[in-house]
Amino acid sequence: MSYTELNIEDVKESREKMIEVFQRRRFDSYGLKEKINVGQASGLRSRKILAVDSGFNSAYETTFTIFKAAIVNEAMNVTENTRTCFFQVDNQSTDRLKRLIMQETLYESLIKTIKTGKADRHIAIVDGTITLTIFHPTTRDNIEYREHFNNLVQEYYKPLMKECHRRDIILLGFLKQTGSTYLTEHINAGNLYDRHVIDTILRTHGEFISPIPITKPTMGPSELPFKYVTFYLNLKGWNYRFELLSSQESYFSECIQNMLFWSTRTHFGMNPIFSKADEHARVTKRKTNLIFNYLTNNLPETIQSELLHEVQKRTHFGYHRGDRVDRLMKNDN
């Protein structure tokens, strides 16, 4: 019987060994490792890279929201795009719409940059999925969401794909934390998540799993007319998932080589261009609150009070912010 000895004095090392044994036991029991095409790549620069990321934040936990997208090129030049929206309600449907608008802001910024010609023959790394599957309307989404989704597809997504093809731009979706099951479904590995498989197999910098088709449920009449593939890559001990259009699958090795080239310049293996895009795309609570205060400053006091009554966050005095504003207004009168 095989075993792994644990050092009780070094808790971190012992935990890592336990996780390693657990994952290998689960995966090896299926006997499916031979079905996965694993390769080893090295860094090579053949294209320039630009990265795009997006984010949003709401002021005082109200329906007032700031959306932002940032694009960074190899010269570390940053292009930012900001939207300001005020929603009528705040519920689960609104949250879905906010995330859709965040993605729309990302694509809007990217296509504006692409049309300038500055991204021709580049690799455009997008934070998150490029398939739009998670944004596709469900039976629980209202008419407004459906209309906004269709507008995103027609006004931004399809033109973006067309421009990328025309200008020889590789659109690469990048996912840091993935709960996908594309790989395990592809090799019939039961109820495992992809991360259980890739963490067991990809252990060396530059190791990768070749592209496999992304399967998705039928979406009905409005199904997107695009197909995608996904592949997995180890960057200095960190495993990531990437997405490509099926029409650009032949470029996957070029994407890997360029990612490895840039990862050698940073300790954690993450592309420094992408890291800067992530930094600039963040919307801080402070900035959102300041813009909210600026816009509401000259509104009638009754409207200001009503807006702040939505706030659930308590101040350090223990009052609801809206209650505190009402109390101050009464004292002023």
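The values are calculated or read from the model by the stated rules, or taken from the named source; none is laboratory data. For clarity, every value in this text was computed on a predicted model and none was experimentally measured. Neighbour counts run over all protein chains shown; Cβ positions are idealised from the backbone, glycine included.
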*Could you list, in sequence order, all residues of region 79-110 that are among the acidic types (Asp, Glu), within 26 Å of CYS164 (Cβ to Cβ) and surrounded by 14 or more Cβ atoms within 10 Å (Cβ to Cβ)?*
GLU104, GLU108
_List pairs: first residue in region 128-153 and assigned by TED's automatic domain parsing to the domain that holds LEU110 and modelled with pLDDT of 90 or more, second residue β-branched (Val, Ile, Thr) and in a helix (DSSP H, G or I) anywhere in the structure, Cβ distance under 8 angstrom, at least six positions apart or on different chains._
HIS148/ILE101
*Has region 149-162 got at least one residue that is farther than 15 Å from THR129 by Cα, surrounded by 19 or more Cβ atoms within 10 Å (Cβ to Cβ) and over 18 Å from the mean Cα position of the chain (by Cα)?*
no
*asked:* surrounded by 18 or more Cβ atoms within 10 Å (Cβ to Cβ) and modelled with pLDDT under 95: which single residue out of PHE261, PHE226, PHE268, PHE274 fits that description?
replied: PHE274
*Filter region 58-78 down to residues that are surrounded by fewer than 18 Cβ atoms within 10 Å (Cβ to Cβ) and of a type outside the set (Val, Ile, Thr) and give me whichever is nearest to LEU172 (Cα to Cα).*
GLU74
_I'm trying to understand the selection: among the residues of region 188-207, which are part of a loop (DSSP other than H, G, I, E, B), touching a residue at least 60 places away in the same chain (Cβ under 8 Å) and more than 24 Å from GLU254 (Cα to Cα)?_
ASN188, ALA189, GLY190, LEU192
*Out of curiosity, is ILE123 of a type in the set (A, V, I, L, M), assigned by TED's automatic domain parsing to the domain that holds LEU245 and in contact with a Lys or Arg (Cβ under 6 Å, 6 or more places away or on another chain)?*
yes
*Meets criteria (free of Cβ contacts under 8 Å to residues at least 40 places away in the same chain, surrounded by 19 or more Cβ atoms within 10 Å (Cβ to Cβ) and not in a loop (DSSP other than H, G, I, E, B)) for THR184*: yes
*Output the number of the condition that VAL325 fails; it satisfies all remaining conditions of (1) at pLDDT 80 or above; (2) among the β-branched types (Val, Ile, Thr); (3) touching a helix residue (DSSP H, G or I) at 6+ places or on another chain (Cβ under 8 Å).*
(1)
*So which of GLU80, GLU74, GLU108 is at pLDDT below 90, within 21 Å of the chain's Cα centre (by Cα) and of a type outside the set (Ser, Thr, Tyr)?*
GLU74
*Restricted to region 163-181, and to residues that are modelled with pLDDT of 95 or more and of a type in the set (Val, Ile, Thr), which residue is surrounded by the most Cβ atoms within 10 Å (Cβ to Cβ)?*
ILE169
